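In what follows, a single structure is set out as structure tokens and then discussed.
The values are calculated or read from the model by the stated rules, or taken from the named source; none is laboratory data. All figures in this text were calculated on a predicted structure; none of them were measured in a lab. When we count neighbours, we look across all protein chains shown, and the Cβ atoms used for this are built from the backbone with ideal geometry, even at glycine.
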Amino acid sequence: MPKISERQRESRRQQILEAALGCFSENGFHQTGMADIVQRSGMSHGAVYGYFESKDDIIEALADDRHRSEAILNSAAEQAEDPIEGLRALVRAYAHGLTDPAGEPRRRVGVHGWAEALRSPRVHARVVEGIDIPRSMIAGLVAQAQRMGRLPDDLGADAIARSFIAVFQGFVLQVAWGEEIDVAACVAVIDRMLQGLAQGDRQARPGGSA
């Protein structure tokens, strides 16, 4: 068998993942078999199994790809000198992803993944890992803002981070359902929430206005 270059190998791997993404997006995990992915990829069974031994391997690879793309968004927010602006930058970056029509299959697969995590420990671990990374980063920005007196310190940084994650997950679900959402207006609401947290801290201090 002739050897292929690393670039060709990666191209074929992505070809398989794109085929799997389309199948999972349309039919979910349970209704998709390896035979469906092979057929959609246009490759032979042997070629596909040469890259992935099982459907779960493909699901993990898709999760890894998503985590890598999200890491770029997270790093941009971490580099902000002002933690509040870092939070705002993160909100806008993820919100932009919700407006990208090309991201629809990945959003749908993400929702399928949440459901699959209820029954598969392997998928559950990957889903939680993907959430823990931005959650920890958000908590770090919040804690930094609290140390600077920019946000109230009577609220747990992790609790605030989980609340922001929950809001974003709700947006993902609504968009995956096909609902028309004014994402810019929703971002403005989250901005107001941040302002409200900051103002609440000032009002709680001696001499703060009611």
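The set of residues from the stretch 78-101 being within 15 Å of ALA143 (Cβ to Cβ) and not hydrophobic (A, V, I, L, M, F, W, C) comprises GLU78, ASP82, PRO83, GLY86. Applying the criterion of being modelled with pLDDT of 85 or more and among the hydrophobic types (A, V, I, L, M, F, W, C) to the residues of the stretch 64-93, the residue that is surrounded by the most Cβ atoms within 10 Å (Cβ to Cβ) is LEU87. So for the stretch 57-66 (the condition being within 13 Å of the chain's Cα centre (by Cα) and among the hydrophobic types (A, V, I, L, M, F, W, C)), does at least one residue qualify? Yes - at least one qualifying residue is present in the stretch 57-66. Against the condition over 14 Å from ALA20 (Cα atoms), in contact (Cβ under 8 Å) with a residue 40 or more places away in the chain and either basic (Lys, Arg) or in a helix (DSSP H, G or I) (or both), how does ILE133 come out, does it pass? Criteria met by ILE133.
Looking at the stretch 145-166, which of the residues that are at negative phi and in a loop (DSSP other than H, G, I, E, B) is surrounded by the most Cβ atoms within 10 Å (Cβ to Cβ)?
Per the criteria, the residue is LEU151.
Only a single criterion out of (1) closer than 15 Å to PHE168 by Cα; (2) modelled with pLDDT under 85; (3) in contact with a Lys or Arg (Cβ under 9 Å, 6 or more places away or on another chain) is not satisfied by HIS96, namely (3).
LEU98 meets each of the listed conditions (1) of a type in the set (A, V, I, L, M); (2) over 15 Å from the mean Cα position of the chain (by Cα); (3) over 30 Å from ARG147 (Cα atoms); (4) buried (at least 18 other Cβ atoms within 10 Å of the Cβ) apart from (2). Quick check on LEU62: is it in contact (Cβ under 8 Å) with a residue 40 or more places away in the chain, more than 21 Å from VAL128 (Cβ to Cβ) and out of contact with any Pro (no Cβ under 9 Å at 6 or more places or on another chain)? Considered against the rule, which asks whether it is in contact (Cβ under 8 Å) with a residue 40 or more places away in the chain, more than 21 Å from VAL128 (Cβ to Cβ) and out of contact with any Pro (no Cβ under 9 Å at 6 or more places or on another chain), LEU62 comes out as no. Restricting attention to the stretch 94-111, the residues that are of a type outside the set (A, V, I, L, M, F, W, C) and under 16 Å from ALA19 (Cα atoms) add up to 7.
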